Amino acid sequence: TLMHYFTHSEARHNQPNEDTIAAQAHPSAAHVLLCVLADGQGGQVGGALASQSAVQTALEFARACPVAQLMDRATWAKLVSAADAVVSADPKAGFTTLISIGVVANQIVGASCGDSTALLIGKGHYTELTAKQRKNPPVGSHAALPSPFMARLRPGSMLLIMSDGVWKGVGYEAIVQLAQSTHGNELIHAVRRLQVTQHGGQLPDDFSMIVVQEP
């Protein structure tokens, strides 16, 4: 069975959204979930285009891979490098972060670059899967250095993939605490409420989140 997943992406107050997210089943393996999140660099030209292009490239790459290949961390590192090459080849595209993850049964395999984050949350504890990633050089520079990772998705645990607009203002601890009592869309709305409450009633940055949990 495919893991349940919930997604939300929203622009910051009065600005276009420079984040792009996607979550979908693998075309030839319905039990494999592909999750991708990119946060285009703000204050630069072409951030939105960079994030869209990175997500599209990552999805195409992952969809073309057989499942056995997706179980290898090296595949995901190659995927991030492929997205980096495509984005950097487009003169209109800027820079972006990128997290690409495959959830295969109880295994999480992926790679990332930038300061978006993936947290694996259990009962009362969490692991930052993207802890070793490098912020620079970014995807779109043709010099991005992907950091692959792998983990087990244990019963009752939850995977959160977030742009920095989700976690930077409120911190991991607050999000992990909310995740102990709320799930799915409820959790996304609770984190959003917390973010807005702490920033004068408005989102300070683009807010994008993918939540993956057991059915």
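The values are calculated or read from the model by the stated rules, or taken from the named source; none is laboratory data. A quick note: this is a predicted structure, and the numbers were derived from the prediction, not measured. We place every Cβ from the backbone using ideal geometry, glycine too, and count neighbours over all the protein chains shown. Please note that ligands, DNA and RNA were not included when accessible areas were found on the heavy atoms of the full protein model with its side chains. Shrake-Rupley method; radii C 1.70, N 1.55, O 1.52, S 1.80 Å.
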Per residue, in Å², the accessible surface of region 1-85 once ligands and nucleic acids are set aside, probe 1.4 Å
46 Å²
Under the helix-only model (-39500 (n - 2.57) for each DSSP H run of 4 or more, divided by the residues of the chain), the mean residue ellipticity at 222 nm, to 500 deg cm²/dmol, is -9500 deg cm²/dmol
Please give the FRET efficiency for Val45 paired with Gln107, using the beta carbon to beta carbon distance and R0 = 41 Å, rounded to the nearest 0.05.
0.60
Where does each of 96-103, 154-161, 75-82 land if you order them by average Cβ count within 10 Å, highest first?
96-103, 75-82, 154-161
Looks like the chain, by Cα gyration tensor root eigenvalues a ≥ b ≥ c and the a/c under 1.5 rounded cutoff (else prolate when a/b is bigger than b/c, oblate otherwise), is oblate
Tell me, in nm to one decimal, what length is gained between Gln177 and Arg73 on full extension, where the rule is 0.36 nm per residue of separation less the Cα-Cα distance?
34.5 nm
Place the peptides 22-31, 165-174, 104-113, 133-142 in order of packing, highest mean first, counting for every residue the other Cβ atoms within 10 Å and averaging per peptide.
104-113, 133-142, 165-174, 22-31
Residue-normalised value, i.e. accessible area per residue, for region 114-215 at 1.4 Å probe, in Å², stands at 45 Å²
Percent of accessible area on the chain owned by carbon and sulfur, 1.4 Å probe?
52 percent
